[in-house]
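Novice: One structure, pasted below without further comment.
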Amino acid sequence: MAYLQQLTPLAEIELDQQEILAIKRHELVPMLQNHAELNRYAERLVQAQAVLLNAIDPKLSQDLSQSIQQLIQALNQSKKYMQTKRFNRLQRWLGSDLDYASQQIAYYKNLERLLARSHRLSQQLALEIQKSEARYRQLIGLREQMAKYIVAAREFLTEYPDFIQQQHPLDQFSQRLSKKINSLETLQSSNDIAMQQMYLSQQLALSLRDRFKEAEQVLLPAWQYHLQQSQNQYVTESSQALDASRNSLINTLKHALEHASQSSHSR
């Protein structure tokens, strides 16, 4: 089961006081002369997060899951096409041996097609996982920046009266800044939820791909080896090894699908 990553609360993030001071000095102080500029406060961070909050396309994982399911079905049929058959003279005269050989070739081609498709989807998913992880790391950095802007604004809210000699009775800077702080905190809370879903999407995709990679690189070659052995030797041992390797391959692929399904339902 994949778990959501717990993000550090904004209030608990360790911040550089010099950077907070710089935000107050270079961004908030000038806004005392132009209150309308408050609308643009931290807007760069807001826009940057909006661009990066893209989770992995679920269709890619769904396509890989579907391809794995088809692969499992094909492997379950392997006994029908891969077992060694002996044909008598009449059956050979009727072409039964050629028909069976043709069925074997068609089965192999279909299996290779499914493997190639699953491999391609797995590679595409790996690339999307890398991109998503890179976006997530950037979002963590932007989240820390947002914490600085919120803290700077909160501190400035109590400090700014000291910067002006006489405050106009209709001055609404305090109310505007307070609303801006609340707006940024609400937005970041929403983004945090989206980030957690983004992280979970990464973990689900990574789990699915890792299971398929294990099957493709370890268990599939083992099954192909035992398959070759079974066709070269007519011994019970080889047949048992073939069945065991095939079942191990099928079970690993099934486990990948079950894990992905259970995790997605727990979201």
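The values are calculated or read from the model by the stated rules, or taken from the named source; none is laboratory data. It should be emphasised that the depicted structure is a prediction, and the values quoted were computed from it without experimental measurement. Surface accessibility is based on the protein's heavy atoms, side chains included, excluding ligands, DNA and RNA. Shrake-Rupley method; radii C 1.70, N 1.55, O 1.52, S 1.80 Å.
Novice: Among 231, 203, which is the only one that is open to solvent by 40 Å² or more (accessible area, probe 1.4 Å) and at pLDDT 90 or above?
Specialist: Sole residue among the options that is open to solvent by 40 Å² or more (accessible area, probe 1.4 Å) and at pLDDT 90 or above: 203.
Novice: Continuing with this model, one more query. Out of the residues in the range 86-137 meeting the condition of being of a type in the set (Lys, Arg) and at pLDDT below 85, tell me which one is nearest to residue 74 (Cα to Cα).
Specialist: Looking at the filtered set, the residue picked out is 109.
Novice: May I ask you to verify whether residue 240 is open to solvent by 30 Å² or more (accessible area, probe 1.4 Å), part of a helix (DSSP H, G or I) and at pLDDT below 70?
Specialist: Against the criterion (open to solvent by 30 Å² or more (accessible area, probe 1.4 Å), part of a helix (DSSP H, G or I) and at pLDDT below 70), residue 240 qualifies.
Novice: Output the residues belonging to the range 4-26 that are over 25 Å from the mean Cα position of the chain (by Cα) and open to solvent by less than 60 Å² (accessible area, probe 1.4 Å).
Specialist: Within the range 4-26, 13, 15, 20, 22, 23, 24 qualify.
Novice: If a residue has to be of a type outside the set (A, V, I, L, M), in a helix (DSSP H, G or I) and modelled with pLDDT of 95 or more to count, how many in the range 41-63 make the cut?
Specialist: 4
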